[in-house]
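Undergrad: Input: one structure, supplied below.
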Amino acid sequence: MSVSILYSLVGSVLFSLGFYSLIAYAHLLRKILAINIMGSGVFLILVSLAYRWPETSPDPVPHAMVLTGLVVAVSATALALALACRVQETTSSAQLPEDESD
Amino acid sequence: MRPFPAKLIIILLLMALTGLFAWAILSLPLNGTSLRTQVFANIGHSGVSNPVTAVLLNFRGYDTLLEITVLFLAVLGVWSLGTIHIPDLLQPAGLFLMALLRILLPAMMLTAGYLLWAGAHAPGGAFQAGAVLGGAGILLLLTEVRFASTIDWWPLRTLLSAGILVFSGVGLGSMALGGRLLEYPRDWAGILILIIESAATLSIGVTLMVLFVGGKPSKADGTVSMKSTGQREDKT
Amino acid sequence: MAESMTWSQWLFDLPLALVLLWLAWRLLSSTDLFKAVVLFIAFGLLMALAWVRLHAVDIALAEAAIGAGVTGALFLSALKRMNSEQQKLDDGENDDERRDV
(Lines give C-alpha, C1' and ligand atoms only; values in the text may rest on other atoms or scores of the structure.)
Protein backbone atom coordinates (compact mmCIF):
# COMPACT_ATOMS: atom_id res chain seq x y z
CA MET A 1 0.00 0.00 0.00
CA SER A 2 1.59 3.25 -1.03
CA VAL A 3 0.60 6.80 -0.22
CA SER A 4 -1.21 7.26 -3.50
CA ILE A 5 -3.32 4.11 -3.08
CA LEU A 6 -4.31 5.12 0.45
CA TYR A 7 -5.48 8.58 -0.59
CA SER A 8 -7.27 7.36 -3.69
CA LEU A 9 -9.20 4.85 -1.58
CA VAL A 10 -10.08 7.66 0.83
CA GLY A 11 -11.28 9.66 -2.18
CA SER A 12 -13.53 6.84 -3.37
CA VAL A 13 -15.10 6.43 0.06
CA LEU A 14 -15.63 10.20 0.31
CA PHE A 15 -17.37 10.13 -3.06
CA SER A 16 -19.72 7.37 -1.94
CA LEU A 17 -20.43 9.07 1.41
CA GLY A 18 -21.28 12.28 -0.39
CA PHE A 19 -23.46 10.47 -2.90
CA TYR A 20 -25.42 8.75 -0.16
CA SER A 21 -26.02 12.04 1.64
CA LEU A 22 -27.04 13.70 -1.60
CA ILE A 23 -29.90 11.29 -2.16
CA ALA A 24 -30.84 10.55 1.45
CA TYR A 25 -31.38 13.97 3.00
CA ALA A 26 -34.02 16.44 1.90
CA HIS A 27 -32.60 19.73 3.19
CA LEU A 28 -31.04 21.72 0.35
CA LEU A 29 -28.04 22.94 2.33
CA ARG A 30 -27.10 19.37 3.23
CA LYS A 31 -27.30 18.42 -0.43
CA ILE A 32 -24.90 21.22 -1.33
CA LEU A 33 -22.50 20.12 1.42
CA ALA A 34 -22.71 16.57 0.05
CA ILE A 35 -21.84 17.73 -3.46
CA ASN A 36 -18.79 19.53 -2.12
CA ILE A 37 -17.63 16.40 -0.32
CA MET A 38 -18.08 14.40 -3.52
CA GLY A 39 -15.97 16.96 -5.34
CA SER A 40 -13.22 16.72 -2.74
CA GLY A 41 -13.23 12.95 -3.12
CA VAL A 42 -12.81 13.14 -6.87
CA PHE A 43 -9.97 15.65 -6.52
CA LEU A 44 -8.22 13.34 -4.06
CA ILE A 45 -8.38 10.47 -6.55
CA LEU A 46 -7.03 12.64 -9.38
CA VAL A 47 -4.11 14.07 -7.43
CA SER A 48 -3.10 10.80 -5.80
CA LEU A 49 -2.95 9.18 -9.20
CA ALA A 50 -0.60 11.95 -10.24
CA TYR A 51 1.71 11.16 -7.33
CA ARG A 52 2.73 7.83 -8.71
CA TRP A 53 6.41 8.63 -8.88
CA PRO A 54 7.56 9.89 -5.51
CA GLU A 55 11.19 9.86 -6.55
CA THR A 56 10.60 12.64 -9.01
CA SER A 57 8.17 15.52 -9.02
CA PRO A 58 4.50 14.74 -9.55
CA ASP A 59 2.62 15.11 -12.79
CA PRO A 60 1.51 18.76 -13.03
CA VAL A 61 -1.39 18.32 -15.44
CA PRO A 62 -3.84 16.74 -12.93
CA HIS A 63 -2.77 19.42 -10.44
CA ALA A 64 -3.85 22.12 -12.88
CA MET A 65 -7.12 20.28 -13.55
CA VAL A 66 -7.90 20.00 -9.85
CA LEU A 67 -7.10 23.69 -9.32
CA THR A 68 -9.55 24.56 -12.08
CA GLY A 69 -12.08 22.18 -10.57
CA LEU A 70 -11.74 23.76 -7.14
CA VAL A 71 -12.53 27.23 -8.47
CA VAL A 72 -15.45 25.94 -10.53
CA ALA A 73 -16.75 24.13 -7.43
CA VAL A 74 -16.78 27.33 -5.40
CA SER A 75 -18.65 29.24 -8.09
CA ALA A 76 -21.17 26.41 -8.46
CA THR A 77 -21.61 26.33 -4.68
CA ALA A 78 -22.24 30.07 -4.60
CA LEU A 79 -24.89 29.79 -7.32
CA ALA A 80 -26.46 26.76 -5.64
CA LEU A 81 -26.67 28.60 -2.30
CA ALA A 82 -28.32 31.61 -3.95
CA LEU A 83 -30.83 29.26 -5.60
CA ALA A 84 -31.49 27.51 -2.28
CA CYS A 85 -32.19 30.84 -0.57
CA ARG A 86 -34.59 31.76 -3.36
CA VAL A 87 -36.34 28.40 -3.02
CA GLN A 88 -36.81 29.10 0.65
CA GLU A 89 -38.12 32.59 0.01
CA THR A 90 -40.67 31.45 -2.55
CA THR A 91 -41.85 28.17 -1.05
CA SER A 92 -41.12 28.97 2.64
CA SER A 93 -39.35 25.67 3.11
CA ALA A 94 -35.71 24.75 2.58
CA GLN A 95 -36.44 21.09 1.96
CA LEU A 96 -37.41 19.43 -1.22
CA PRO A 97 -40.99 18.16 -0.94
CA GLU A 98 -41.39 14.49 -0.05
CA ASP A 99 -42.60 12.42 -2.97
CA GLU A 100 -46.05 11.15 -2.05
CA SER A 101 -46.26 8.65 -4.87
CA ASP A 102 -43.42 6.44 -3.52
CA MET B 1 -36.81 9.74 4.91
CA ARG B 2 -36.96 6.75 2.68
CA PRO B 3 -38.23 3.38 3.91
CA PHE B 4 -35.63 1.02 5.26
CA PRO B 5 -35.33 -1.52 2.40
CA ALA B 6 -34.67 1.28 -0.11
CA LYS B 7 -31.93 2.70 2.10
CA LEU B 8 -30.32 -0.73 2.40
CA ILE B 9 -30.32 -1.22 -1.36
CA ILE B 10 -28.78 2.21 -1.87
CA ILE B 11 -26.06 1.50 0.69
CA LEU B 12 -25.25 -1.86 -0.92
CA LEU B 13 -25.08 -0.31 -4.38
CA LEU B 14 -22.79 2.44 -3.12
CA MET B 15 -20.51 -0.09 -1.47
CA ALA B 16 -20.35 -1.92 -4.79
CA LEU B 17 -19.47 1.37 -6.49
CA THR B 18 -16.67 2.03 -4.01
CA GLY B 19 -15.40 -1.50 -4.60
CA LEU B 20 -15.43 -0.85 -8.32
CA PHE B 21 -13.36 2.32 -7.86
CA ALA B 22 -10.90 0.49 -5.62
CA TRP B 23 -10.53 -2.33 -8.11
CA ALA B 24 -9.97 0.16 -10.94
CA ILE B 25 -7.33 2.02 -8.95
CA LEU B 26 -5.53 -1.10 -7.82
CA SER B 27 -5.40 -2.52 -11.32
CA LEU B 28 -3.61 0.48 -12.78
CA PRO B 29 -0.13 -0.32 -14.11
CA LEU B 30 2.87 0.64 -12.02
CA ASN B 31 4.45 2.97 -14.54
CA GLY B 32 1.71 4.29 -16.72
CA THR B 33 2.01 7.14 -19.11
CA SER B 34 1.91 10.67 -17.87
CA LEU B 35 2.35 14.09 -19.39
CA ARG B 36 5.27 14.92 -17.11
CA THR B 37 7.89 14.37 -19.75
CA GLN B 38 6.21 16.63 -22.28
CA VAL B 39 5.68 19.38 -19.71
CA PHE B 40 9.26 19.34 -18.50
CA ALA B 41 10.60 19.18 -22.03
CA ASN B 42 8.80 22.37 -23.01
CA ILE B 43 8.90 24.31 -19.78
CA GLY B 44 11.85 26.38 -20.93
CA HIS B 45 9.70 27.95 -23.62
CA SER B 46 6.77 28.67 -21.39
CA GLY B 47 8.06 31.76 -19.62
CA VAL B 48 7.69 30.49 -16.05
CA SER B 49 9.48 27.79 -14.12
CA ASN B 50 6.68 26.48 -11.89
CA PRO B 51 5.20 23.54 -13.82
CA VAL B 52 1.66 23.96 -12.52
CA THR B 53 1.60 27.64 -13.52
CA ALA B 54 3.06 26.76 -16.91
CA VAL B 55 0.32 24.19 -17.51
CA LEU B 56 -2.42 26.49 -16.22
CA LEU B 57 -1.48 29.67 -18.01
CA ASN B 58 0.41 28.50 -21.06
CA PHE B 59 -0.09 24.90 -22.11
CA ARG B 60 -3.73 24.74 -21.07
CA GLY B 61 -4.49 28.42 -21.12
CA TYR B 62 -7.85 27.96 -22.78
CA ASP B 63 -9.16 25.95 -19.82
CA THR B 64 -8.15 28.74 -17.47
CA LEU B 65 -9.87 31.31 -19.65
CA LEU B 66 -13.09 29.29 -19.50
CA GLU B 67 -12.69 28.84 -15.75
CA ILE B 68 -12.54 32.60 -15.20
CA THR B 69 -15.62 32.87 -17.39
CA VAL B 70 -17.41 30.36 -15.15
CA LEU B 71 -16.68 32.58 -12.16
CA PHE B 72 -18.15 35.52 -14.02
CA LEU B 73 -21.22 33.50 -14.99
CA ALA B 74 -21.74 32.58 -11.33
CA VAL B 75 -21.85 36.29 -10.49
CA LEU B 76 -24.36 36.87 -13.28
CA GLY B 77 -26.51 34.04 -11.98
CA VAL B 78 -26.36 35.16 -8.36
CA TRP B 79 -27.14 38.76 -9.27
CA SER B 80 -30.12 37.81 -11.38
CA LEU B 81 -31.73 35.79 -8.59
CA GLY B 82 -32.80 38.65 -6.40
CA THR B 83 -31.73 41.65 -4.40
CA ILE B 84 -30.37 41.80 -0.91
CA HIS B 85 -31.18 44.46 1.60
CA ILE B 86 -27.75 44.94 3.11
CA PRO B 87 -28.71 45.91 6.69
CA ASP B 88 -30.59 42.63 6.96
CA LEU B 89 -27.49 40.67 6.14
CA LEU B 90 -24.59 42.55 7.72
CA GLN B 91 -24.38 44.31 11.02
CA PRO B 92 -21.86 46.80 12.36
CA ALA B 93 -18.94 44.95 13.82
CA GLY B 94 -17.54 45.11 17.31
CA LEU B 95 -14.34 46.69 18.41
CA PHE B 96 -12.27 43.52 18.23
CA LEU B 97 -13.06 42.82 14.60
CA MET B 98 -12.23 46.39 13.61
CA ALA B 99 -8.87 46.23 15.37
CA LEU B 100 -8.16 42.84 13.79
CA LEU B 101 -9.00 44.21 10.38
CA ARG B 102 -6.46 46.99 10.74
CA ILE B 103 -3.73 44.41 11.20
CA LEU B 104 -4.97 41.71 8.87
CA LEU B 105 -5.98 43.68 5.81
CA PRO B 106 -2.53 45.07 4.87
CA ALA B 107 -0.94 41.71 5.64
CA MET B 108 -3.44 39.93 3.40
CA MET B 109 -2.87 42.32 0.52
CA LEU B 110 0.87 41.85 0.87
CA THR B 111 0.41 38.08 0.93
CA ALA B 112 -1.73 38.24 -2.18
CA GLY B 113 0.87 40.29 -4.00
CA TYR B 114 3.62 37.89 -2.93
CA LEU B 115 1.66 34.82 -4.02
CA LEU B 116 1.00 36.42 -7.38
CA TRP B 117 4.67 37.21 -7.92
CA ALA B 118 5.95 33.90 -6.60
CA GLY B 119 3.63 31.93 -8.85
CA ALA B 120 6.23 32.01 -11.57
CA HIS B 121 8.90 30.03 -9.74
CA ALA B 122 7.28 28.60 -6.61
CA PRO B 123 3.82 27.40 -5.57
CA GLY B 124 1.43 30.27 -5.92
CA GLY B 125 -0.24 32.01 -8.75
CA ALA B 126 -3.35 33.92 -9.68
CA PHE B 127 -5.97 31.73 -8.00
CA GLN B 128 -4.31 31.56 -4.64
CA ALA B 129 -3.63 35.30 -4.63
CA GLY B 130 -7.18 36.02 -5.78
CA ALA B 131 -8.56 33.80 -3.04
CA VAL B 132 -6.60 35.66 -0.35
CA LEU B 133 -7.86 38.95 -1.78
CA GLY B 134 -11.39 37.56 -1.73
CA GLY B 135 -10.98 36.63 1.91
CA ALA B 136 -9.76 40.13 2.68
CA GLY B 137 -12.76 41.55 0.86
CA ILE B 138 -15.14 39.34 2.85
CA LEU B 139 -13.54 40.52 6.11
CA LEU B 140 -13.95 44.10 4.95
CA LEU B 141 -17.62 43.49 4.11
CA LEU B 142 -18.25 42.02 7.54
CA THR B 143 -16.63 44.95 9.31
CA GLU B 144 -17.56 48.05 7.36
CA VAL B 145 -21.21 47.86 6.40
CA ARG B 146 -21.01 51.02 4.29
CA PHE B 147 -18.51 49.26 2.04
CA ALA B 148 -21.18 46.80 0.98
CA SER B 149 -23.27 49.46 -0.70
CA THR B 150 -20.34 50.32 -2.96
CA ILE B 151 -20.58 46.93 -4.63
CA ASP B 152 -22.73 48.60 -7.24
CA TRP B 153 -19.99 51.12 -8.01
CA TRP B 154 -18.87 50.94 -11.59
CA PRO B 155 -15.08 50.53 -11.11
CA LEU B 156 -15.73 47.48 -8.96
CA ARG B 157 -18.03 46.09 -11.62
CA THR B 158 -15.40 46.72 -14.26
CA LEU B 159 -12.91 44.74 -12.19
CA LEU B 160 -15.30 41.79 -12.27
CA SER B 161 -14.80 41.45 -16.00
CA ALA B 162 -11.18 42.61 -16.14
CA GLY B 163 -9.80 39.07 -15.93
CA ILE B 164 -11.74 37.78 -18.91
CA LEU B 165 -11.11 40.92 -20.94
CA VAL B 166 -7.34 40.91 -20.43
CA PHE B 167 -7.02 37.18 -20.98
CA SER B 168 -9.03 37.09 -24.17
CA GLY B 169 -7.41 40.32 -25.29
CA VAL B 170 -3.98 38.73 -25.02
CA GLY B 171 -5.24 35.63 -26.78
CA LEU B 172 -6.79 37.52 -29.66
CA GLY B 173 -3.79 39.81 -29.84
CA SER B 174 -1.47 36.88 -30.31
CA MET B 175 -3.81 35.68 -33.05
CA ALA B 176 -3.52 39.08 -34.71
CA LEU B 177 0.26 38.84 -34.54
CA GLY B 178 0.16 35.75 -36.68
CA GLY B 179 -0.03 32.86 -34.23
CA ARG B 180 -3.01 30.81 -33.07
CA LEU B 181 -5.34 31.71 -30.21
CA LEU B 182 -3.40 32.15 -26.94
CA GLU B 183 -0.08 31.32 -28.58
CA TYR B 184 2.15 33.81 -26.81
CA PRO B 185 5.28 35.04 -28.61
CA ARG B 186 8.23 33.22 -27.04
CA ASP B 187 10.15 36.23 -25.68
CA TRP B 188 7.07 37.85 -24.20
CA ALA B 189 5.54 34.79 -22.58
CA GLY B 190 6.69 35.59 -19.04
CA ILE B 191 5.50 39.18 -19.10
CA LEU B 192 2.20 38.28 -20.70
CA ILE B 193 1.56 35.60 -18.10
CA LEU B 194 2.24 38.11 -15.33
CA ILE B 195 -0.17 40.64 -16.85
CA ILE B 196 -2.88 38.03 -17.27
CA GLU B 197 -2.38 36.77 -13.73
CA SER B 198 -2.57 40.27 -12.23
CA ALA B 199 -5.86 41.02 -13.95
CA ALA B 200 -7.17 37.59 -13.00
CA THR B 201 -6.19 38.08 -9.35
CA LEU B 202 -8.11 41.33 -9.04
CA SER B 203 -11.04 39.84 -10.87
CA ILE B 204 -11.16 36.70 -8.72
CA GLY B 205 -10.90 38.71 -5.50
CA VAL B 206 -13.78 40.99 -6.39
CA THR B 207 -15.84 38.05 -7.69
CA LEU B 208 -15.52 36.10 -4.44
CA MET B 209 -16.48 39.20 -2.49
CA VAL B 210 -19.56 39.76 -4.63
CA LEU B 211 -20.55 36.10 -4.38
CA PHE B 212 -20.45 36.39 -0.59
CA VAL B 213 -23.05 39.15 -0.60
CA GLY B 214 -25.31 36.78 -2.46
CA GLY B 215 -27.44 39.11 -4.52
CA LYS B 216 -27.64 42.53 -6.03
CA PRO B 217 -27.57 45.11 -3.23
CA SER B 218 -30.77 47.10 -3.17
CA LYS B 219 -30.32 50.83 -3.17
CA ALA B 220 -30.68 52.74 0.07
CA ASP B 221 -33.68 54.74 -1.11
CA GLY B 222 -35.58 51.51 -1.67
CA THR B 223 -36.10 50.37 -5.23
CA VAL B 224 -37.58 47.14 -6.46
CA SER B 225 -37.03 43.89 -4.65
CA MET B 226 -38.48 40.46 -5.23
CA LYS B 227 -40.81 39.34 -2.46
CA SER B 228 -41.88 35.82 -1.73
CA THR B 229 -44.82 35.91 -4.09
CA GLY B 230 -42.45 36.53 -6.94
CA GLN B 231 -44.14 39.74 -7.92
CA ARG B 232 -42.28 42.97 -8.08
CA GLU B 233 -43.36 45.58 -5.64
CA ASP B 234 -41.83 48.95 -5.04
CA LYS B 235 -40.76 49.75 -1.54
CA THR B 236 -42.04 53.13 -0.57
CA MET C 1 1.91 1.73 -7.70
CA ALA C 2 5.04 3.12 -6.12
CA GLU C 3 6.89 1.50 -3.29
CA SER C 4 5.26 0.68 0.00
CA MET C 5 5.07 3.27 2.77
CA THR C 6 7.59 3.52 5.56
CA TRP C 7 6.39 3.36 9.17
CA SER C 8 6.77 7.12 9.60
CA GLN C 9 4.52 7.72 6.63
CA TRP C 10 1.98 5.27 8.02
CA LEU C 11 2.11 7.16 11.32
CA PHE C 12 1.00 10.40 9.69
CA ASP C 13 -1.06 9.37 6.70
CA LEU C 14 -3.28 6.72 8.25
CA PRO C 15 -4.61 8.96 11.07
CA LEU C 16 -5.09 11.79 8.57
CA ALA C 17 -7.06 9.53 6.22
CA LEU C 18 -9.21 8.16 9.04
CA VAL C 19 -9.92 11.62 10.47
CA LEU C 20 -10.90 12.85 7.00
CA LEU C 21 -13.41 10.02 6.63
CA TRP C 22 -14.78 10.38 10.14
CA LEU C 23 -15.12 14.16 9.78
CA ALA C 24 -16.95 13.76 6.46
CA TRP C 25 -19.35 11.26 8.01
CA ARG C 26 -20.00 13.50 11.04
CA LEU C 27 -20.68 16.59 8.98
CA LEU C 28 -22.94 14.82 6.52
CA SER C 29 -25.06 13.12 9.15
CA SER C 30 -25.37 16.06 11.52
CA THR C 31 -28.81 17.60 11.80
CA ASP C 32 -27.56 20.91 13.19
CA LEU C 33 -26.54 22.85 10.09
CA PHE C 34 -24.26 25.29 11.86
CA LYS C 35 -22.24 22.41 13.27
CA ALA C 36 -22.11 20.83 9.81
CA VAL C 37 -20.71 24.01 8.24
CA VAL C 38 -18.07 24.43 10.95
CA LEU C 39 -17.04 20.79 10.49
CA PHE C 40 -16.89 21.46 6.75
CA ILE C 41 -14.39 24.28 7.31
CA ALA C 42 -12.29 21.93 9.46
CA PHE C 43 -12.57 19.29 6.72
CA GLY C 44 -11.24 21.78 4.19
CA LEU C 45 -8.23 22.56 6.34
CA LEU C 46 -7.44 18.86 6.78
CA MET C 47 -7.76 18.41 3.03
CA ALA C 48 -5.08 21.09 2.67
CA LEU C 49 -2.85 18.88 4.83
CA ALA C 50 -3.61 15.92 2.57
CA TRP C 51 -2.66 17.96 -0.48
CA VAL C 52 0.68 18.80 1.09
CA ARG C 53 1.27 15.10 1.76
CA LEU C 54 0.64 14.43 -1.93
CA HIS C 55 3.18 17.09 -2.94
CA ALA C 56 0.49 19.35 -4.40
CA VAL C 57 1.37 22.61 -2.64
CA ASP C 58 -0.45 24.88 -5.09
CA ILE C 59 -3.66 22.97 -4.50
CA ALA C 60 -3.05 23.11 -0.74
CA LEU C 61 -2.86 26.91 -0.84
CA ALA C 62 -5.97 27.12 -3.00
CA GLU C 63 -7.94 24.63 -0.88
CA ALA C 64 -7.14 26.44 2.37
CA ALA C 65 -8.12 29.80 0.94
CA ILE C 66 -11.01 28.90 -1.37
CA GLY C 67 -12.22 25.50 -0.22
CA ALA C 68 -12.17 26.13 3.50
CA GLY C 69 -12.27 29.92 3.76
CA VAL C 70 -14.52 31.29 1.07
CA THR C 71 -16.85 28.29 0.80
CA GLY C 72 -17.28 28.23 4.56
CA ALA C 73 -18.11 31.94 4.59
CA LEU C 74 -20.61 31.42 1.75
CA PHE C 75 -22.34 28.62 3.67
CA LEU C 76 -22.54 30.67 6.86
CA SER C 77 -23.97 33.63 4.97
CA ALA C 78 -26.60 31.45 3.29
CA LEU C 79 -27.42 29.79 6.62
CA LYS C 80 -28.01 33.18 8.19
CA ARG C 81 -30.28 34.25 5.33
CA MET C 82 -32.30 31.04 5.60
CA ASN C 83 -32.61 31.33 9.36
CA SER C 84 -33.74 34.94 9.23
CA GLU C 85 -36.26 34.01 6.52
CA GLN C 86 -37.55 31.22 8.75
CA GLN C 87 -37.65 33.64 11.69
CA LYS C 88 -39.75 36.11 9.72
CA LEU C 89 -42.16 33.35 8.70
CA ASP C 90 -42.44 32.07 12.25
CA ASP C 91 -43.11 35.56 13.59
CA GLY C 92 -45.75 36.04 10.94
CA GLU C 93 -47.49 32.83 11.96
CA ASN C 94 -47.39 33.76 15.64
CA ASP C 95 -49.00 37.10 14.91
CA ASP C 96 -51.81 35.37 13.07
CA GLU C 97 -52.47 33.02 15.98
CA ARG C 98 -52.61 35.84 18.45
CA ARG C 99 -55.09 37.66 16.32
CA ASP C 100 -57.28 34.56 16.10
CA VAL C 101 -57.35 34.20 19.87
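Undergrad: If you go through the range A:28-44 one residue at a time, do you hit one that is over 13 Å from C:M47 (Cα atoms) and in contact with a strand residue (DSSP E or B) (Cβ under 8 Å, 6 or more places away or on another chain)?
TA: The answer is yes, given that some residue of the range A:28-44 is over 13 Å from C:M47 (Cα atoms) and in contact with a strand residue (DSSP E or B) (Cβ under 8 Å, 6 or more places away or on another chain).
Undergrad: Just the residues that are farther than 15 Å from A:Y51 by Cα, within 9 Å of chain A (Cβ to nearest Cβ) and of a type in the set (S, T, Y), please, taken from the range B:18-35.
TA: Passing the criteria: only B:T18.
Each row is one residue, and each column tells you yes or no for (1) more than 9 Å from chain A (Cβ to nearest Cβ); (2) in a loop (DSSP other than H, G, I, E, B); (3) surrounded by 14 or more Cβ atoms within 10 Å (Cβ to Cβ).
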| position | (1), (2), (3) |
| --- | --- |
| B:L8 | yes, no, no |
| B:M15 | no, no, no |
| B:T37 | yes, no, no |
| B:A41 | yes, no, no |
| B:V48 | yes, yes, yes |
| B:L65 | yes, no, yes |
| B:R102 | yes, no, no |
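Undergrad: From A:L33, A:L6, grab the single residue that is at pLDDT below 95, in a helix (DSSP H, G or I) and in contact with a Leu (Cβ under 9 Å, 6 or more places away or on another chain). Explain how you work it out, then say what you get.
TA: Details: A:L33 fails: at pLDDT below 95.
Only one candidate passes the filter, namely A:L6.
Undergrad: When you go through B:A199, B:A136, B:A118 one by one, which is the residue that is within 20 Å of the chain's Cα centre (by Cα), small (G, A, S), closer than 30 Å to A:C85 by Cβ and at pLDDT 85 or above? Show your work before the answer.
TA: Working: B:A199 fails: closer than 30 Å to A:C85 by Cβ; B:A118 fails: closer than 30 Å to A:C85 by Cβ.
Exactly one of B:A199, B:A136, B:A118 is within 20 Å of the chain's Cα centre (by Cα), small (G, A, S), closer than 30 Å to A:C85 by Cβ and at pLDDT 85 or above, namely B:A136.
Undergrad: Any residue in the range B:155-173 that is under 17 Å from B:Y62 (Cα atoms), under 20 Å from the mean Cα position of the chain (by Cα) and charged (D, E, K, R)?
TA: No - not one qualifying residue is present in the range B:155-173.
Undergrad: Answer with yes or no whether B:G32 is at pLDDT below 85, of a type in the set (G, A, S) and in contact with a strand residue (DSSP E or B) (Cβ under 6 Å, 6 or more places away or on another chain).
TA: no
Undergrad: Condition first: surrounded by fewer than 16 Cβ atoms within 10 Å (Cβ to Cβ), without any contact (Cβ under 8 Å) to a residue 40 or more places away in the chain and polar (S, T, N, Q). Can you find one or more residues in the range C:24-45 that meet it?
TA: yes
The values are calculated or read from the model by the stated rules, or taken from the named source; none is laboratory data. Please read all numbers here as calculations on a predicted model, not as lab measurements. Every residue, glycine as well, gets a Cβ built from its backbone with ideal geometry; the counts of neighbours run over all protein chains shown.
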